[in-house]
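Below you'll find the structure, written out as structure tokens, and then a few comments.
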């Protein structure tokens, strides 16, 4: 009877997960490879994962059944059995609902991001409470768990009465042999759940969204928890260190730069005033302030000025008339920490965690440390709690003064609604104005690195600022329109200050709003807006050069005419020829390298894939044979970044 009960619980679990997978299929047809064979492969592989995970799922009940049979048959035993089952079914209801909502946001199974959110439990719970009708969802989960518990009990009763074989020798209600066999089963169940390998998904379901569909939510979460740090040399294709150093030294040889003989990324940079390949230079008076606004989830899709179909950013688009724009800027990743890493450190993404969240990340060369060496006071200004994603720790250890939500006076902080992620953007920008006033009074140039939060779920923001935003309140479009209004409002307020005419404003996204697509690393999901705004001091215009987020810092320093000893891995595109243009795009496992119209992808099974980008706007690719030169090019950048980090270069 015990085995029959476990079998029913296991079967109900597998069926619920299969139903979830069918629902996710129906909501994602535009992203999936919809060929019947591809869908069937994903569903069949998913069934294997569910069956394996179900073995671990029933283990708590198997352990419970070690209790004496006569006790299990008692009224207390029966109710306790149902209580244990209810808790398990509540877990099923919770993870199933969570994965459904998570899939709608990210179009992936539980992964690295979900693990991060669990670590920051307060932010996660508050964000969920603000974003979803939890007053309905929580009772719904309890009702679903009770229904599943009832179903298991009824099915088991339908299959036969509760009968436990009489025992001959009393050993906690078992014969010794029977107890031993059942204990062995308890040990085997979780072991059997490990048989399906997570790596199967990438081989059986070649389309990335289909591969995500095949996964089992709890199993994917556990895998991500233990695989969130990936050693490059262990998991990826490599070249010998000498080849990597030589290749990087060649790639990082800007015009007039003097390379270091030991560190391939180290060289002396002297900016050029002429022949800047269409990249303007600052022509104002004394050393200018620099205000760098990193906007949460600002996709190029939202901006007509950057080729988007939507018109969610009319105020920023208006600024582009007097700004210098990077029309082909690509984010390195899909998380805020990746954007901050690329902008501040100017390094390609390394697999696993961002450097911002790793050990030994202090005293690194950053955009702030370079400007600090030229007399700048450097601030990192964030509207939320900066312990999230280790931002405060990283920036404070690397030369920035931290000004986060805790620094904002209470009367200003509560002047507009805020979310768990941070204060409204308009409140954040007020703090920037205060900070610039303080530095101007002290007679020192300021570098303000700002991270906004309003364009983030739950998409709530102060109303009455922008009519178009108010019409879409509670949606991504509404939050984006509000964030856009807040940028323009900040610029208008800044004009009233004496320091405005000596300030360079930089606006760039941390990442796109969504990275999901029907192809591996869809390039159109990494395209972001980026502009430099200093009317009368930096000439307006634009460049169509392929640029990476890691190129922003060195290109900006070149525009400001600053000399420095560089360890940055980005290019000042004014000093490098177009044939060296490249971009880096990644997830926490897949590492993409773009040069010309070719995408090279490094995967954590030490393989290299190559594609021709047929259409950048739709991420239409044609697979190519892997070219050794292109593979060495991509490997050198990523292996080199990992090498330089681990050797503290």
Item to check | Selection status of residue 551, in contact (Cβ under 8 Å) with a residue 60 or more places away in the chain, within 21 Å of the chain's Cα centre (by Cα) and within 30 Å of residue 376 (Cβ to Cβ) | outcome: yes
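Quick one: which helices (runs of 4 or more DSSP H) sit completely within region 372-449 and have at least 3 residues that are modelled with pLDDT under 95?
391-397, 410-413
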Next on the checklist: Taking the criterion of being part of a helix (DSSP H, G or I), out of contact with any strand residue (DSSP E or B) (no Cβ under 7 Å at 6 or more places or on another chain), at pLDDT below 80 and farther than 30 Å from residue 94 by Cβ, would at least one residue in region 216-225 satisfy it?
Outcome noted: no
Checklist entry - Conditions: (1) more than 25 Å from residue 192 (Cβ to Cβ); (2) part of a helix (DSSP H, G or I). Residue 108 meets all but one. Number of the miss? => result (2)
Checklist entry - Got at least one residue in region 540-556 being surrounded by 17 or more Cβ atoms within 10 Å (Cβ to Cβ), outside any strand (DSSP E or B) and at pLDDT below 95? => result no
Item to check | Single residue of 481, 493, 457 found to be assigned by TED's automatic domain parsing to the domain that holds residue 398, at pLDDT below 95, closer than 22 Å to residue 417 by Cα and not in a strand (DSSP E or B) | outcome: 457
Next on the checklist: Show me the helices (runs of 4 or more DSSP H) entirely contained within region 30-75 in which 1 or more residues are assigned by TED's automatic domain parsing to the domain that holds residue 187, over 19 Å from residue 91 (Cα atoms) and modelled with pLDDT under 90.
Outcome noted: 36-57, 69-72
Checklist entry - How many of the residues making up region 590-649 are at positive phi and at pLDDT below 90? => result 2
Checklist outcome for this item: Scanning region 607-631 for residues that are in contact with a helix residue (DSSP H, G or I) (Cβ under 7 Å, 6 or more places away or on another chain) and either surrounded by fewer than 18 Cβ atoms within 10 Å (Cβ to Cβ) or in a strand (DSSP E or B) (or both) gives 608, 610, 613, 616, 617, 618
Next on the checklist: So, residue 123, is that one touching a helix residue (DSSP H, G or I) at 6+ places or on another chain (Cβ under 8 Å) and at pLDDT below 85 or not?
Outcome noted: yes
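The values are calculated or read from the model by the stated rules, or taken from the named source; none is laboratory data. Here the structure is a predicted model, which means the values were calculated and not measured. All Cβ positions, glycine included, derive from the backbone under ideal geometry; neighbour counts span all protein chains shown.
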